[in-house]
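Report on one structure; see the data block that follows.
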Amino acid sequence: MNFDFSDDQKALKSEARRFLEANASTERVRKVLDDDARPYDEALWKAVGQQGWLGAAIPEEFGGLGLGHLELCVIAEELGRAVAPIPFASTVYFVAEAVMLAGSDEQKSYLLPKIAAGEIIGCIATSEGPGVTTAATLKATVSDGKLSGVKLPVTDGDIGNVALVLAKENGKPGLFLVDLDDAGVTREVLKTLDPTRDAARLIFKDAPVRRIGGAGEGMELVEQVFDRAAVLLAFEQCGGADRCLEMAKAYALERYAFGRVIASYQAIKHKLADMYVKNELGRSNAYYGAWALNTNAPELPVAASAARIAASEAFWFASKENIQTHGGIGFTWEMDCHLFYRRSRQLSLVAGAPRVWKERLVSQLERRNAA
Amino acid sequence: MDFNDTPEEAAYRAQVRAWLEANAPKTHYSGDPEGDGSSMAASKTWQAKKAAAGYAQITWPKEWGGQGGNPIQQVIFNQEEAKYPVPPNPFQIGLGMCVPTVATFADQPTKDRFVGPALRGEEIWCQLFSEPSGGSDVAAARTKAVRAPDGSGDWLISGQKVWTTGAQFSDFGIVVCRTDPDVPKHKGLTMFWLDMHSPGIEVKPIHQMSGGSGFNEVFFTDVRVKDSQRLGGVGDGWKVSLVTLMNERLAVGGASGAGWTEFMEAARSVPGLDGAPAIKDHALREKLADWYVQAEGLKHTRNRTMTALSRGQTPGPESSIGKIVSALQMQDLGNTALEMLDQFGIIDDPELAPLRAGFHSSLMFAPGLRIAGGTDEILKNIIAERVLGLPGDIRVDKDVAFKDMPTGR
């Protein structure tokens with residue numbers, strides 16, 4: 001039994017933490033938060049690219065470091081801790097993963113080296129409006145290799161160079177790569193709950209596309225990509241949740257009320273213990289997801305669902321109870337608590353809401369137990 | 001990151017499997033889910049077999065009858081043993097808590113006298129700590145020990161203990177007593193071992209709200225013990241009891257019984273809303289997902305603990321979350337199952353209710369599990385103080401002589 005990261009992976013994690021403490025402090029995050037004209041932290045994005053993180057799981061033959069997904073998991077956890085305002089998840093967890101999973105040799109050779117080098121930003125466009133997108137609700141259409149339709153919200157759609165778009169071709173869903181600099185694409189920036197992670201409305205009018213994966217296999221491919229992204233997002237959520245617990249603890253130990261630190265009241269101690277329990281459940285499920293992702297195990301869909309559900313719950317609980325522990329000061333714009341509260345919602349919704357994943361999980365358990 | 005044994009662990013597992021295959025019971029028997037001792041003969045037979053082969057306490061030194069093994073080997077044995085229908089283990093309180101305490105504080109002849117019979121399951125031990133006046137607050141014990149007036153140096157113990165697991169079939173026990181009421185509560189306690197068959201001891205099984213009787217009240221009336229039965233110094237009983245309690249969280253396991261798989265099975269056949277099977281009910285499906293994720297979270301938390309053990313490290317604090325999560329889930333799952341049954345849920349006749357009323361058993365046993373071995377609230381205090389490093393509670397009784405402490409019910 002070796003259910004832990006290796007010493008090398010832990011060293012990478014420490015290095016990532018030091019790097020992000022120096023280059024992605026919450027003061028830096030706030031420069032994106034407070035400036036509508038800044039969709040992301042370009043300097044941090046460049047620096048992260050120079051660290052090689054964008055290509056951590058991309059094979060060396062395509063310009064990556066060829067490390068593996070466990071290395072990507074530890075990096076993700078640190079990015080989550082830092083609430084890093086960069087399009088890392090869109091580009092790496094969704095687009096690079098999709099290309100590695102289902103791309104043709106040509107698509108891999110073209111896109112992966114550019115992603116690893118930080119030359120392009122990617123994004124994924126599945127949603128078209130309120131509610132869950134399914135094959136039945138899908139409206140965007142590809143015909144004769146041209147895409148028309150509207151996608152929103154598309155996280156990083158305003159800054160992306162390439163999008164993975166779910167659309168119907170011959171009446172069946174497919175997944176398509178679209179160059180967002182094409183004249184057939186119009187972008188509108190949306191106002192979002194977490195301004196440190198921008199999103200856009202993408203309007204396609206006869207934009208040229210190249211299909212990724214098989215014809216009519218779009219929904220299945222999106223599910224597979226979401227499974228992979230879910231594990232990596234779970235590590236971001238664990239990182240964020242741990243940071244919230246640390247913030248709550250630090251504040252509770254210095255804040256006095258009724259003549260003693262509030263950390264000495266059981267109401268606060270039990271709240272923090274509850275956070276700890278949820279964070280550990282999230283972390284243990286995320287570890288199992290990491291194992292399944294790294295070994296491409298058949299358990300991945302179930303493991304990814306469990307990781308996403310547990311880590312979403314942990315980050316949501318920790319981010320809201322962190323504000324509660326801080327009291328009034330926690331409700332101010334100047335205090336960092338709301339950065340995590342906002343990000344916890346962004347991360348829980350970006351690859352589909354937890355309740356959707358719960359349904360997916362139970363459907364899979366039903367099938368597994370019937371077999 | 002992998003789930004494989006190291007070569008040494010794999011070799012040990014193979015050895016354990018071979019031994020179990022040759023020796024472990026293969027057929028189920030009617031067990032005693034509430035721990036009332038009804039399967040004691042089977043338990044003793046199995047324990048003696050394990051002891052003869054060195055598997056009773058693998059981490060104990062060889063001169064005590066162990067293997068001098070490491071904790072991961074004990075975990076491997078437990079995993080493999082759990083695959084067989086072995087009888088319950090009423091020896092663990094003795095072997096995990098009482099006997100190590102005796103071994104730490106008693107003289108060599110006493111140690112030699114007790115270790116072997118306990119290991120072989122010939123003698124059973126109980127731990128006499130909780131009292132009517134102190135469950136979470138163990139140091140508030142009122143059971144008193146006073147020197148016998150005959151000048152023999154013996155002690156006379158009087159008072160009452162409660163929630164004593166297995167007292168009704170125990171041969172020996174360790175008991176924490178008040179020997180000095182004039183000093184603050186932690187300073188006036190002393191620990192003894194005693195023979196549970198001594199004159200003056202009366203054991204009354206507690207009729208639990210769940211119907212069973214795994215726990216007992218134990219009454220002491222001038223029970224005479226020799227001074228040589230004292231464990232540690234006079235007034236050092238609290239320190240001695242900490243040695244015992246350190247092991248308690250390891251000994252009190254998580255919830256067993258109906259889990260998400262049993263719920264899912266039942267939900268397939270029970271009609272839900274609009275005549276569709278209950279498994280189609282999205283409210284229940286969300287619950288199932290939550291329970292699965294909790295169960296998996298605990299399983300993989302144990303895997304993290306195993307990893308630490310496998311590397312020869314002390315497991316981290318993550319191992320402290322198990323009972324809080326599993327006991328609450330047991331209660332929620334039992335209750336949700338009853339609600340799923342709708343009006344039929346009030347019936348707990350095993351001939352009629354699903355899973356032979358297993359969901360009802362969960363519902364009725366869960367309140368006890370949320371209290372035993374540290375209440376939910378005490379465990380949260382432990383996480384807050386020992387894991388997160390938050391301050392201890394303000395102790396209003398810290399510098400007050402025990403006899404002057406305010407008492408209510």
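The values are calculated or read from the model by the stated rules, or taken from the named source; none is laboratory data. The shown structure was predicted, so the numbers you read here are calculated from the model rather than taken from an experiment. Every residue, glycine as well, gets a Cβ built from its backbone with ideal geometry; the counts of neighbours run over all protein chains shown.
Only one of (1) part of a loop (DSSP other than H, G, I, E, B); (2) surrounded by fewer than 24 Cβ atoms within 10 Å (Cβ to Cβ) fails for A:V83. Which number is that? So the condition that A:V83 fails would be (2). Set side by side, the residues A:D274, A:D242 differ, and just one is more than 11 Å from every other protein chain (Cβ to nearest Cβ), part of a helix (DSSP H, G or I) and among the charged types (D, E, K, R), which is A:D242.
Can you find a residue in segment A:11-23 that is of a type in the set (F, W, Y) and either touching a helix residue (DSSP H, G or I) at 6+ places or on another chain (Cβ under 7 Å) or assigned by TED's automatic domain parsing to the domain that holds A:E334 (or both)? Walk me through how you get there before you give the answer.
Here is the first cut: in segment A:11-23, the residues of a type in the set (F, W, Y) are A:19.
From what is left, the residues that are either touching a helix residue (DSSP H, G or I) at 6+ places or on another chain (Cβ under 7 Å) or assigned by TED's automatic domain parsing to the domain that holds A:E334 (or both) are none.
Taking every residue of segment A:11-23 in turn, none turns out to be of a type in the set (F, W, Y) and either touching a helix residue (DSSP H, G or I) at 6+ places or on another chain (Cβ under 7 Å) or assigned by TED's automatic domain parsing to the domain that holds A:E334 (or both).
When you check B:P7 against the structure, is it within 14 Å of chain A (Cβ to nearest Cβ) and either touching an Asp or Glu at 6+ places or on another chain (Cβ under 6 Å) or modelled with pLDDT under 95 (or both), yes or no? Yes. Among the numbered conditions (1) hydrophobic (A, V, I, L, M, F, W, C); (2) more than 10 Å from chain A (Cβ to nearest Cβ); (3) buried (at least 21 other Cβ atoms within 10 Å of the Cβ), the only one that B:L288 does not meet is (2).
Checking each residue in segment A:73-88 for being farther than 15 Å from A:S344 by Cα and of a type outside the set (A, V, I, L, M) picks out A:C73, A:P87, A:F88. Restricted to segment A:268-322, and to residues there that are in contact with a Ser or Thr (Cβ under 9 Å, 6 or more places away or on another chain), surrounded by 24 or more Cβ atoms within 10 Å (Cβ to Cβ) and of a type in the set (K, R), the residue that is farthest from B:L390 (Cα to Cα) is A:R308.
Checked against (1) more than 30 Å from A:E97 (Cα to Cα); (2) within 13 Å of another protein chain (Cβ to nearest Cβ), A:Q324 meets all criteria but (2).
Restricting attention to segment B:185-239, which residues are hydroxyl-bearing (S, T, Y) and under 15 Å from B:F129 (Cβ atoms)?
In the first step, residues of segment B:185-239 are kept if they are hydroxyl-bearing (S, T, Y); the result is B:190, B:198, B:210, B:213, B:221, B:228.
Once the filter is applied, which keeps residues that are hydroxyl-bearing (S, T, Y) and under 15 Å from B:F129 (Cβ atoms), segment B:185-239 yields only B:T190.
Of the residues that make up segment B:209-227, is at least one assigned to a helix (DSSP H, G or I), surrounded by fewer than 22 Cβ atoms within 10 Å (Cβ to Cβ) and of a type in the set (S, T, N, Q)? The answer is no; no qualifying residue exists.
Here A:A234, A:A199 are screened, and the one residue that is within 21 Å of A:V150 (Cα to Cα) and of a type in the set (G, A, S) is A:A199. Only helices (runs of 4 or more DSSP H) whose full extent lies in segment A:1-56 are considered here, and none of them has at least 2 residues that are touching a Phe, Trp or Tyr at 6+ places or on another chain (Cβ under 6 Å) and at pLDDT below 95.
Please count how many residues of segment A:108-130 are among the basic types (K, R) and at positive phi.
So the answer is 0.
Quick check, is B:T45 of a type in the set (S, T, Y), under 26 Å from B:G166 (Cα atoms), loosely packed, with under 14 Cβ neighbours inside 10 Å and at pLDDT 90 or above? So B:T45 passes the test.
Could you check segment A:279-298 and list, in sequence order, the residues that are polar (S, T, N, Q) and facing chain B (nearest Cβ under 10 Å)?
Quick first cut of segment A:279-298, residues polar (S, T, N, Q) only: A:279, A:284-285, A:294-296.
Of everything in segment A:279-298, those that are polar (S, T, N, Q) and facing chain B (nearest Cβ under 10 Å) turn out to be A:N279, A:S284, A:N285, A:N294, A:T295.
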